[in-house]
1. Estimate the FRET efficiency between ASP92 and GLN43 by the formula 1/(1 + (r/R0)^6), using the beta-carbon distance for r and 30 Å for R0, to the nearest 0.05.
2. Just the accessible area for MET150, please: 1.4 Å probe, Å², rounded to the nearest 10?
3. On the protein heavy atoms, probe 1.4 angstrom, tell me the percent of accessible surface of segment 280-324 carried by carbon and sulfur.
4. Could you compute the net charge surrounding HIS105? Neighbours are other residues with a C-beta less than 15 Å from the C-beta of HIS105; K and R count +1, D and E count -1.
5. Taking N as the number of residues in segment 122-194, what is its alpha-carbon radius of gyration divided by 2.2 N^0.38 Å?
6. As a test of understanding, state the convex hull volume per residue of the chain from its alpha carbons, in Å³.
7. Compute the orientation-averaged projected area for segment 6-102 from the convex hull of its Cα atoms and round it to one decimal in nm².
8. Along the charge dipole of the chain, Cβ charges K/R +1 and D/E -1, which of ALA286, ALA132, VAL83 sits furthest on the positive end?
Amino acid sequence: MPRATASANVLTGFAALMRTKGADPAQLLRRARIPLSALSDPQARLPVASVVRLLEDSALRFDFPDLGLRLSQARRLSHFGVVGKLARDEPDVRHALQAISAWLHLHSEVILDLQEGEGSVALSAFHAETVAESSPQVVDLVMGGIFQIMRHLCGPQWHAQAVCLAHSAPADSRPYRRYFGCPVEFDAGGNALIIAPADLDQALAEADPIFRSDSERQVEAWAGLVARPLDVQVREIIRVMLPSGRCTMANVALRLGLQERTLRRHLADAGVTFASELAAARRALAHSYLERSDKTIEAIAGLLGFSETSAFSRWFRKGFGCGPREWRQRAG
């Protein structure tokens, strides 16, 4: 069974927070077996178990009981990519939350549930992975993140009526009351924000139906990609990552939430290698850029992941028998 993963952007702000405690973030990441490069690639996928280990270990070792809550302050709709864009352009808060709930599985193992009742609304969340659901730090990160999303939708002064957390109360619960600005119940039957029904009807000032349609198409395309065979996903990721200069097998595996050896095995089962897929993508894009665009040779080299134009020219000459400028002249 595939291991559960989380987007690396859940660790946004982790390094800075731990430095305030005199900790070495790189050392903590190594202990949790999380590559340091994950902090610079928000689209990387990390094993949920490793994230839990990192947060719980860091909180315990450095007496940081509200670490997850502090991390959640950085959560924004933008962390959900095109799903966040889709939610932003829904007509009201209810539809925005329904959109996030419907598509959150593309980002996370968290399940969001909107329960409307008489006089109150519960916005509940739970993690499909037991190891995460039982982690106070992960629960705080998730619930604090949902609180931040509601503030983005409703305005910076928004508050819930109450917050329910399934884990036990910490020795000092004051940071929770300050953060949420409302009563906080610990040892509750689940994790939820209790909100006013009127909040759901609030119109979203930034909503744009034209952009919403475009975002919906992008979400559906993304969902289709996730459902495709792994080798197809690798080809798409290579095309996206090439201009960054960081399109290595290790970084592509990180984005897929796989270990490098696991990705290598899957590609071998499909009868391809990472090197062959990378070369094929570069050849196809080189043809397209040279024949159908007016981009300079220097710009094309960068888009194909070459740090120097001379390296691109040597690669091109080896594969096509002539330099890129000569090839463009012939094609023209």
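1. Values: r = 29 Å, r/R0 = 0.97.
Using R0 = 30 Å, I get an efficiency of 0.55.
2. Its accessible surface works out to 0 Å², give or take rounding.
3. Working: 1170 of 2460 Å².
Of the solvent-accessible surface of segment 280-324, carbon and sulfur hold 48 percent.
4. Details: positive: ARG45; negative: GLU109, ASP113, GLU129, GLU220.
Result for the neighbourhood of HIS105: -3.
5. Details: Rg = 11.6 Å, N = 73, 2.2 N^0.38 = 11.2 Å.
Compared with the compact-globule rule of thumb, segment 122-194 sits at 1.04.
6. In the chain, the Cα hull volume divided by residue count equals 159 Å³.
7. Working: hull surface 26.2 nm².
For the Cα atoms of segment 6-102, the hull's average projected area reads 6.6 nm².
8. ALA286
The values are calculated or read from the model by the stated rules, or taken from the named source; none is laboratory data. The structure presented is a predicted model; accordingly, all values stated were derived computationally and were not measured. Neighbour counts run over all protein chains shown; Cβ positions are idealised from the backbone, glycine included. For accessibility, only protein heavy atoms count, side chains too; no ligands or nucleic acids. Shrake-Rupley method; radii C 1.70, N 1.55, O 1.52, S 1.80 Å.
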